[in-house]
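Visitor: For reference, the structure I am asking about is given below.
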Amino acid sequence: MLRGIKRLNRYENRILKIVKLGGKLVRLKQYGFSSKTEEGFRFPIYVLEIGKPKAIKSNVSGLIAGVHGLETIGIRVLLDFLDDLFARKNSVLYHEIKNGEVGIVCIPILNPGGVALKRRSNPKGVDLMRNSGVEAVKAPFFFGGHKYSNFFPYYRGKVLQTESRVLDRYFKEYFLRAENQFIPVVDIHSGFGTVDHVWWPYASTHEPCADEELFQKIGSNFTNHLNHFLYRFGPQSETYTTHGDLWDRLYDQFQSNIKEIHSPISRHFLPLTLEIGTWSDINLDPLKIFRKRGIFNPSRELKQKSIISHRKFLSDVIRLAKMNPSDIY
């Protein structure tokens, strides 16, 4: 566990560096704790508010990483993006943040216990992306989530986990009643496939979500006008289905809330999962399949290139927060 804790400490030091770089534009909050380890340790979960408080209410966007403790490339992609944003300070996005046009709320590491323990699950052995309680219409046996035992991977758990409840609180505080028409959130994962996927709801069913047409339009715009042609856009269920997807649950909560309050403004909660494909370089590093973090992260030769390659995509998603449907080609 010691090596995992050292890695977690390095990430936390980078978070503190970003707070320092951002100055008055960045506020750090301790937002909760991880589940307890067998030894009784709990690790803090942090939130970064980036931008002016008014923008956090009116034009907010979200970034999350570290939901699975072995997928550390996602944490590094998120931290690199913020490092670059505040180190150069010459991008369009930086000036939009500085001028109060866009706000970002980040959870850099949702599952710090998993990072410290060097495991995919949280310290209780629960796979957080199988934990929401949503039942899939039909999910792959075992891989799609199961309730047998936390001894096995993809265990769903019997109750909503501490980390999942932190994500619930984050959603309700920052996004449920946000004022912008587009409320984009990117959850960064890795370890599936040979290409980079961008998924939207649903993971539990092949039925289209309420914003399917809008998601398709955004995907087309990103591919044809913003040159993100290396990403494969689509609902997650096109690739595989799972029980317990946290974003399926939160997306449906947002849809229910819209119907209850009869909002005069058309608001769209747009949770996207960036799934970084890390299997394409197995020929460069065949032994990675035998290492614990191997298939979830790029090879050493390609790691830095992979980390910086997502900067523009994340910037373009965040900038959706200041747009409306007429701005999408």
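Visitor: Counting other C-beta atoms within 10 Å, and keeping those with at most 14, which DSSP coil chymotrypsin sites (Phe, Trp or Tyr not before Pro) do you find in the range 183-237?
Guide: Numbers: sites: Phe192, Trp199, Tyr202, Phe215, Phe222, Phe229, Tyr231, Phe233; in loops: Phe192, Tyr202, Phe229.
Within the range 183-237, the qualifying chymotrypsin sites (Phe, Trp or Tyr not before Pro) (loop, at most 14 other Cβ atoms within 10 Å) are Phe229.
Visitor: Still on this structure: Could you work out the relative contact order of the chain? I mean the mean sequence separation of Cα pairs under 8 Å and 6+ apart, divided by the number of residues, in percent.
Guide: 22 percent
Visitor: Now for a separate question. Tell me, in nm to one decimal, what length is gained between Lys20 and His206 on full extension, where the rule is 0.36 nm per residue of separation less the Cα-Cα distance?
Guide: Contour length minus the Cα-Cα distance gives 62.5 nm.
Visitor: Between Leu226 and Ser266, what is the label-to-label distance in nm when each label sits 7 Å out along the Cα-to-Cβ direction?
Guide: Taking the simple label geometry, Leu226 and Ser266 are separated by 1.9 nm.
Visitor: Be a star and scan the range 8-27 for residues whose amide nitrogen sits under 18 Å from the point 7 Å along the Cα-to-Cβ vector of Arg169.
Guide: Residues passing the 18 Å test: 27.
Visitor: Which order do Trp247, Trp279 take when ranked by solvent-accessible area (1.4 Å probe, heavy atoms of all protein chains), largest first?
Guide: Per-residue accessible area, sorted high to low, gives Trp279, Trp247.
Visitor: A follow-up question, please. Tell me, in nm to one decimal, what length is gained between Arg42 and Ser326 on full extension, where the rule is 0.36 nm per residue of separation less the Cα-Cα distance?
Guide: Working: separation 284, 0.36 × 284 = 102.24 nm, distance 4.59 nm.
Gain on stretching Arg42 to Ser326: 97.6 nm.
Visitor: Calculate the length of the line joining the C-alpha centroid of the range 22-66 to that of the range 154-219, in whole Å.
Guide: 17 Å
Visitor: If I ignore ligands, DNA and RNA and count only protein heavy atoms, how much of Ile308 is accessible to a 1.4 Å probe, in Å² to the nearest 10?
Guide: Ile308 exposes around 70 Å² with every protein chain in place.
Visitor: In the neighborhood of Leu110, defined by Cβ-to-Cβ distances under 10 Å, what is the net charge if each Lys or Arg adds +1 and each Asp or Glu adds -1?
Guide: Counting the neighbours of Leu110, the net charge comes to -2.
Visitor: Using 0.36 nm per residue of separation minus the Cα-Cα distance, give me the extension gain between Phe33 and Arg3 in nm, one decimal.
Guide: Extending this stretch completely gives an extra 8.8 nm.
Visitor: Also, quick follow-up: Report the label-to-label distance for Tyr148 and Asn99 in nanometres (one decimal), using points 7 Å from each Cα along the Cα→Cβ vector.
Guide: So the label points at Tyr148 and Asn99 sit 5.7 nm apart.
Visitor: Using the heavy atoms of the protein chains alone and a 1.4 angstrom probe, what is the accessible area of the range 1-322 per residue in square angstrom?
Guide: 44 Å²
Visitor: Within the accessible area of the range 1-322, what % is carbon and sulfur when the probe is 1.4 Å and the other protein chains stay in place? Let's see the in-between values first.
Guide: Working: 7700 of 14260 Å².
C and S atoms contribute 54 percent here.
The values are calculated or read from the model by the stated rules, or taken from the named source; none is laboratory data. Worth saying up front: this structure is predicted, and the values here are computed from it rather than measured. With ideal geometry, Cβ positions are generated from the backbone for all residues, glycine too; neighbour counts draw on all protein chains shown. Ligands, DNA and RNA are stripped out before the accessible areas are found, and what is left, the full protein with its side chains, is counted by its heavy atoms. Shrake-Rupley method; radii C 1.70, N 1.55, O 1.52, S 1.80 Å.
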